[in-house]
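Got a structure for you, questions after.
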Amino acid sequence: MNKTVAIIIAIVVVLGIWVISSYNSLVSQQEQVSQAWGQVQTTYQRRLDLIPNLVATVQGYAAHEKSTLVDVTNARARATQSLQNASPENQAQLDQFSQSQAALSGALGRLMVVVERYPDLKASENFLALQSQLEGTENRIAVARERYNDAVQTYNVTLRHFPSNMIAGLMGFEKKAYFAADAQAAQAPKVSFS
């Protein structure tokens, strides 16, 4: 009987260690996703913070381009709101966030087209510095999104692996959403030489 009790205790201890280890692994991966999401938010916020200075600089040179400047300002407001509401747990919110950020990118692209009409603005040190910071921020955004998706993949795969999926289900761990490419990214650009 002592041997049977010892075997049962050993099995319980091994199972306990396994449960604790699996739980701690899931917590660590969940925190990596949260950290990566925080980095995504920080880089998007950096872009949002640069835009008022960019708009003010362009406005000084191109005051009659008001509709473009208003479009950028409105797109920034929508992107700011979506940044506050986005959640990695909800694919629909993450998609809405991506759409608002894509709309802001489009508005910024139209603003850059306007800038081409103003050689003095293009030569302005202030504008060049802001443009350089914005380009750097766009690169940071791409890297942050990639790292976020990598962290989500690792976490989601662990959630689905057996037997970790049993611990995840019992402890309330849920799948995280991915950033997806914009639907327009799948379409090849049309080039016309007419």
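Is it the case that some residue within segment 132-146 is within 30 Å of TYR23 (Cα to Cα) and charged (D, E, K, R)?
Initially, segment 132-146 is screened for residues within 30 Å of TYR23 (Cα to Cα), giving 143-146.
If we keep only those that are charged (D, E, K, R) too, we end up with 145-146.
Looking through segment 132-146, at least one residue is within 30 Å of TYR23 (Cα to Cα) and charged (D, E, K, R).
Here is a further query. Taking into account only those residues within segment 31-66 that are hydrophobic (A, V, I, L, M, F, W, C) and not in a helix (DSSP H, G or I), which is farthest from SER124 (Cα to Cα)? Lay out the reasoning, then the answer.
Pass one, segment 31-66, residues hydrophobic (A, V, I, L, M, F, W, C): 33, 36-37, 40, 48, 50-51, 54-56, 58, 62-63.
Imposing the further condition that a residue be not in a helix (DSSP H, G or I) reduces the set to 62-63.
Values: ALA62: 13, ALA63: 16 Å.
Among residues in segment 31-66 that are hydrophobic (A, V, I, L, M, F, W, C) and not in a helix (DSSP H, G or I), the one farthest from SER124 (Cα to Cα) is ALA63.
Return the residues of segment 152-177 that are within 12 Å of the chain's Cα centre (by Cα) and assigned to a helix (DSSP H, G or I); say none if nothing qualifies.
Passing the criteria: only VAL152.
So PRO88 clears everything in (1) in a helix (DSSP H, G or I); (2) of a type outside the set (D, E, K, R); (3) touching a Phe, Trp or Tyr at 6+ places or on another chain (Cβ under 8 Å) except one condition, right? Which one?
Going through (1) in a helix (DSSP H, G or I); (2) of a type outside the set (D, E, K, R); (3) touching a Phe, Trp or Tyr at 6+ places or on another chain (Cβ under 8 Å) one by one, PRO88 breaks only (1).
Report the residue count in segment 117-135 for those that are loosely packed, with under 13 Cβ neighbours inside 10 Å and not aliphatic (A, V, I, L, M).
6
Is it true that LEU15 is part of a helix (DSSP H, G or I), closer than 30 Å to MET166 by Cα and modelled with pLDDT of 90 or more? Explain how you work it out, then say what you get.
On the way: part of a helix (DSSP H, G or I): yes; closer than 30 Å to MET166 by Cα: yes; modelled with pLDDT of 90 or more: yes.
Yes; evaluated as a whole, the condition is true for this residue.
Of everything in segment 54-85, what is within 13 Å of the chain's Cα centre (by Cα) and touching a residue at least 40 places away in the same chain (Cβ under 8 Å)? Give them in sequence order.
LEU83
If a residue has to be over 23 Å from the mean Cα position of the chain (by Cα) and part of a helix (DSSP H, G or I) to count, how many in segment 112-145 make the cut?
The number of residues fulfilling the criteria is 14.
Let me ask you something else. Could you list, in sequence order, all residues of segment 150-177 that are closer than 17 Å to THR43 by Cβ and buried (at least 17 other Cβ atoms within 10 Å of the Cβ)? Full working, then the answer.
Looking only at segment 150-177, we keep the residues that are closer than 17 Å to THR43 by Cβ, and these are 150-152.
Within segment 150-177, ALA151, VAL152 meet the criteria.
The values are calculated or read from the model by the stated rules, or taken from the named source; none is laboratory data. Remember, predicted model here, so these are calculated numbers, not experimental data. Methodologically, a virtual Cβ is constructed for each residue, glycine included, from the backbone with ideal geometry; neighbour enumeration extends over all protein chains shown.
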